[in-house]
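Down below is the structure, laid out as structure tokens.
The values are calculated or read from the model by the stated rules, or taken from the named source; none is laboratory data. Note that this is a predicted model, so its numbers are computed, not measured. Glycine also receives a Cβ, built like all others from the backbone with ideal geometry; neighbour counts cover every protein chain displayed. Areas reflect the complete protein model, heavy atoms only, side chains present, ligands, DNA and RNA absent. Shrake-Rupley method; radii C 1.70, N 1.55, O 1.52, S 1.80 Å.
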Amino acid sequence: MNKKRRKKLNNAVEILEKALQIVESSLDEEQDCLDNIPENLESSDLYENIKNNIDYLEDAIVSIEEVINKIEEATL
């Protein structure tokens, strides 16, 4: 791989790392929300929606990390 393409891919990794930070921050906020929900709402749709959002964000984090790893492997 030439230097120009490697630089582009390194820039992509930087952008993905920023996106990862945003998703991780959103996950923390959702988790805080879930942790602070009153007991009487634990069987509500709101509670289930927050739990689902947490699952989706966790999956997104894993996916972003996998993409970053693949790009880094390609630029070795």
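Some observations on this one:
- Listed by chain and number, the lysines whose C-alpha is less than 21 Å from the C-alpha of Lys7, apart from same-chain residues fewer than 8 away, are Lys18, Lys70.
- Carbon and sulfur %, accessible surface of the chain computed with the full protein complex present, 1.4 Å: 50
- Accessible area per residue in Å² at 1.4 Å probe, computed on the chain: 77
- Placing +1 on each Lys and Arg Cβ and -1 on each Asp and Glu Cβ, with no other charges, gives the chain a dipole about its Cα centre of roughly 1280 debye.
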